[in-house]
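In what follows, a structure is listed as structure tokens, so that the remarks can point back to it.
Readers should treat all values here as calculations from the given coordinates under stated rules, not as data from a laboratory. Just so we're clear, the structure is a prediction, and the values are computed from it rather than from any experiment. Please note: Cβ atoms are built from the backbone with ideal geometry, for glycine as well, and neighbour counts cover all protein chains shown.
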Amino acid sequence: MTEYWLISAPGDKTCQQTWETMNNLTSKQNSLSVNYKFQIPDLKVGTLDQLVGLSDDLGKLDAFVEQITRKVAAYLGEVLEDQRDKLQENLMANNSIIADLPSYLTRFQWDIAKYPIKQSLRNIADIISKQVGQIDADLKTKSSAYNNLKGSLQTLEKKQTGSLLTRNLADLVKKEHFILDSEYLTTLLVIVPKAQTQEWLSTYEKLTDMIVPRSSQLITHDNEYSLYTVTLFKKVMEEFKLHAREKKFVVRDFTYNEEELAAGKNEITKLVTDKKKQFGPLVRWLKVNFSECFCAWIHVKALRVFVESVLRYGLPVNFQAILIHPNKKLVKRLRDVLHQLYGHLDSSAALSGANVDAVDIPGLGFGQQEYYPYVYYKINVDMIDTKI
């Protein structure tokens, strides 16, 4: 189960006692969950008005940072293409001490260097917002450049492998297939449905006057079509195209020019090389910035728990934040036990897990879909099947 619950409850006599009571009932006695202490440093509280305003803004910041985190993960999956099965091992957190996402979450430590706790809560939120906003802007620039390159390459590759009706013919024809540098004669390339091969061979010389007899050669074929040449006088070329179309023979526009053909082959080689050059640095950038976003997201969760806990439980700051990894089969029982422990904290949440969408009291986060008597936030660390 990739879902975790980040909750807080007011300290009893001590926060340690709160932890032990909750852990005994949910983990040690009943195996309802695996629990971890979630360490939040001594942050600056500020005024009640500031906390109320910040609570709403943190909800929006939480959604934004999670969205960008998942967007970076999803794009990394796109870039990896046929190596997508390696996506999970590339989604790590904490660039200095590499850890998988559950490990980072369960051993969370506040990054004082990035988010100084002497700063106000508002300033810390602004630091995270600017950091993740810049990553989002850079992602748009980098993904646009890489996608354009990939798109150009795919277009050329499709022309190399599609039906004879649409594919690039340059790599199929040779110089000897054409009459070149003639004042009067030209060679056309004609796509003939396989079912009409005999019709073509028996009628092409009669489609118009001035066709060179026995000039049609088969160059290649695919499952549906054959590619033939035919040599004729330039003056009847348009008339020939018209009569060929009536018979469902398709004349492809093609001029044999060795320099242009070589340039076309060089273009696809260059695009393949450019894509390989960009792939490594782009993957590294995505890995680093996924980690940055994910770590920032968990710090936002920590801020939200701190702010909501102070608003609900009051001052002085006295609460225990706990990360819960629920037993998937026993979620309902876990909720019941938590409600027995903390239901007295808020009579408005008499029904455990009551849906209070209709209630939106500014500053207390009641507008979120699930409201409980204890502070509660859900964290889903599954980034693989992300759709943004």
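For the stretch 157-201, GluC sites (Glu not before Pro) are listed when DSSP marks them as loop and at most 11 other Cβ atoms sit within 10 Å of their Cβ; the list is Glu183. In a DSSP loop and with at most 11 other Cβ atoms within 10 Å, there are no chymotrypsin sites (Phe, Trp or Tyr not before Pro) in the stretch 202-278. Between Arg214 and Ala113, full extension at 0.36 nm per residue minus the direct alpha carbon distance yields a gain of 28.2 nm.
Each principal axis of the Cα cloud of the stretch 182-281 was taken in turn, and the coordinate range along them, longest first, works out to 60, 35, 20 Å. The HN-Hα couplings worked out from phi for the stretch 37-49 by the Karplus form 6.51 cos²θ - 1.76 cosθ + 1.60 (θ = phi - 60°) are 5, 10, 7, 10, x, 6, 8, 6, 6, x, 8, 4, 4 Hz, whole numbers, x standing for Gly and Pro. Relative to the current alpha-carbon distance between Ile127 and Ala195, full extension at 0.36 nm per residue lengthens the span by 17.6 nm. Largest mean-square fluctuation among Leu334, Leu169, Leu76, in a Gaussian network model of the chain whose springs join Cα atoms under 10 Å apart, belongs to Leu169. Residues Phe38, Phe64, Phe290 in ascending order of nearby Cβ atoms (within 10 Å, fewest first): Phe64, Phe38, Phe290. Under 5 Å between amide hydrogens, built in the peptide plane, is the criterion, and for Ser215 it picks out Thr231 among residues at least 5 positions away or on other chains. Placing unit charges on the Cβ atoms of the charged side chains and taking the dipole of the chain about its Cα centre, the candidate lying farthest along the positive direction among Gln196, Thr229, Ala93 is Ala93. Placing +1 on the Cβ of every Lys and Arg and -1 on the Cβ of every Asp and Glu, with no other charges, gives the chain a dipole of roughly 580 debye about its Cα centre.
Averaging the sequence gap over all C-alpha pairs within less than 8 Å and six or more residues apart, then dividing by the number of residues, gives the stretch 175-255 a relative contact order of 39 percent. Counting only DSSP beta bridges with both residues in the chain, what percent are antiparallel, rounded to the nearest 5? Of those bridges, close to 100 percent are antiparallel.
Taken as Cα centroids, the stretch 89-134 and the stretch 36-77 sit 10 Å apart, rounded to the nearest whole angstrom.
Between the amide H of Phe319 and those of Gly11, distances stay under 5 Å, these residues lying 5 or more places away or on another chain, with hydrogens modeled in the peptide plane.
Secondary-structure-derived ellipticity at 222 nm for the chain, considering helices only, amounts to -16000 deg cm²/dmol, per-run term -39500 (n - 2.57) for DSSP H runs with n ≥ 4. Karplus-based coupling profile of the stretch 253-263, in residue order and whole Hz: 6, 7, 10, 7, 9, 4, 5, 5, 5, 5, 5, with θ = phi - 60° in 6.51 cos²θ - 1.76 cosθ + 1.60 and x standing for Gly or Pro. In the frame of its principal axes, the chain has Cα extents of 105, 40, 36 Å, reported largest first.
Among Trp297, Trp200, sorting on how many other beta-carbon atoms sit within 10 Å of each Cβ, with the fewest leading, yields Trp200, Trp297. Full extension of the chain segment joining Asn380 with Val52 gains 115.5 nm, where the gain is 0.36 nm per residue of separation less the Cα-Cα distance.
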